[in-house]
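A short worksheet on the structure shown next.
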Amino acid sequence: MQDVATLVAQAREGRPRAVARLISLVEGASGQLREVMAALAPLAGRAYVVGLTGSPGVGKSTSTSALVTAYRRTGKRVGVLAVDPSSPFSGGALLGDRVRMSEHASDPGVYIRSMATRGHLGGLAWAAPQAIRVLDAAGCDVVLVETVGVGQSEVEIASQADTSVVLLAPGMGDGIQAAKAGILEIGDVYVVNKADRDGADATVRELNHMLGLGESRAPDDWRPPIVKTVAARQEGVEEVVEALEKHRAWMEERGVLAGRRLARAAKEIETIAVTALRERIGDLHGDRRVSALAERVVSGELDPYGAADELVAGVTRH
Ligand SMILES: Nc1nc2c(ncn2[C@@H]2O[C@H](COP(=O)(O)OP(=O)(O)OP(=O)(O)O)[C@@H](O)[C@H]2O)c(=O)[nH]1
Ligand SMILES: [Mg+2]
């Protein structure tokens, strides 16, 4: 068993096994989680984090793989995190992704990791940022995070990425669905994939129309572009990279990127703190202190808010 400092040094040299080991340590909330995170703190914050989301089968993994190819052409090191918020098992459901990503498997400039978050303490909000930080500290210039769009997870992933890409495909009834799911509020870049199929232009028009509705943008605001792709044939992918780079430059010029990262860190701290608090309070279940407080509430000596304050003060005091 290697110590954390050695693992971190090896990860920075680009050794995939060390990167994988570090992700396992943070993902499993192991006893070494805190030590790993402390060691990584000064090394992270350089990677550009791009989230990709969309309905099942829309082509997220194929697009992710195509983006890896495009970024590798420019010599960038790329990390890929495929997150499945519906599964408690890492691996299984994402097996197909490994096949789609297999062309990158032997490339030392690419790290690919899949992660299941159901049943995870704090789910996606908790688990993904830790893994992103490992990939970032390991020297990835770009980290691509793929999440299946299942309601809340889309919004969560959007809050963790510097830039959010929302994918749609023709003929999936996606347009309307997207509007309902509130997906139109989270995309910085929209991709209509499977443009080799009928209806791609109609999907673009529909999307354009919906993005325009209720528009009250200032001239300087970001207008999310819509890019058509055939990810399976690498078509349009350079345009997606261009759109990403434009968005990044736009954010950097206006301090938006720094703002998003601050908001993200604040959210993360909150999630960790609330999770810790909930665990401690959960541990008190049936505890004498809780029953004593309950008796005082029932007898009218104390109100439930006062009792809760006492409980919180009790678990936060060391
Ligand atoms: N015709 C066509 N098919 C595509 C294109 N891109 C992806 N596909 C196919 O669409 C299917 C789903 O692609 P994936 O990349 O696995 O989609 P996904 O969104 O990652 O799917 P989940 O992770 O299961 O939600 C696969 O059979 C792909 O080969 C495309 O541009 N055109
Ligand atoms: Mg996929």
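The values are calculated or read from the model by the stated rules, or taken from the named source; none is laboratory data. As the structure is a prediction and not an experimental result, all values here were calculated from the model. Cβ: placed from backbone, ideal geometry, glycine included. Neighbour counts: every protein chain shown.
Observations on the structure shown:
- Just so you know, in region 62-84 the residues that are within 11 Å of ligand 1 (Cβ to nearest atom) and either touching a Gly at 6+ places or on another chain (Cβ under 7 Å) or hydrophobic (A, V, I, L, M, F, W, C) (or both) include one that is modelled with the highest pLDDT, and it is 66.
- Those helices (runs of 4 or more DSSP H) of region 1-76 in which at least 1 residues are of a type in the set (Ser, Thr, Tyr), considering only elements entirely within it, cover 4-12, 16-27, 60-73.
- The single condition from (1) modelled with pLDDT of 80 or more; (2) surrounded by 10 or more Cβ atoms within 10 Å (Cβ to Cβ) that residue 313 fails is (2).
- Of all the criteria given as (1) under 21 Å from residue 132 (Cβ atoms); (2) surrounded by fewer than 14 Cβ atoms within 10 Å (Cβ to Cβ); (3) of a type outside the set (S, T, N, Q), the one not satisfied by residue 282 is (1).
- Residues satisfying the stated conditions in region 12-66, i.e. on the phi > 0 side of the Ramachandran plot and either under 16 Å from the mean Cα position of the chain (by Cα) or surrounded by 15 or more Cβ atoms within 10 Å (Cβ to Cβ) (or both): 14, 29, 45, 54, 59
- Candidates 294, 243, 263, filtered to the one that is surrounded by 14 or more Cβ atoms within 10 Å (Cβ to Cβ) and in contact (Cβ under 8 Å) with a residue 12 or more places away in the chain: 243
- Qualifying residue in region 49-57 (condition: closer than 20 Å to residue 128 by Cβ, outside the structural domain of residue 138 (by TED's automatic domain parsing) and touching a residue at least 40 places away in the same chain (Cβ under 8 Å)): no
- Where helices (runs of 4 or more DSSP H) fall wholly inside region 229-303, the ranges with 3 or more residues that are modelled with pLDDT under 90 are 256-283, 288-298.
- Qualifying positions in region 87-111 - surrounded by 14 or more Cβ atoms within 10 Å (Cβ to Cβ) and at pLDDT below 65: 87, 90, 93, 94, 97, 98, 100
- Figure legend. Inter-residue proximity from region 272-287: first residues under 10 Å from residue 316 (Cβ atoms) and aliphatic (A, V, I, L, M), second residues part of a helix (DSSP H, G or I) and modelled with pLDDT under 80, beta-carbon distance below 8 Å, spacing 6+ or different chains. Indicated pairs: 277/316.
- Only residues that are among the small types (Gly, Ala, Ser) and modelled with pLDDT of 90 or more were counted in region 198-228, giving 3.
- Taken over region 252-277, residues that are more than 27 Å from residue 162 (Cα to Cα) and in contact with a Gly (Cβ under 9 Å, 6 or more places away or on another chain) amount to 0.
- Qualifying positions in region 67-81 - β-branched (Val, Ile, Thr) and within 16 Å of the chain's Cα centre (by Cα): 78, 80
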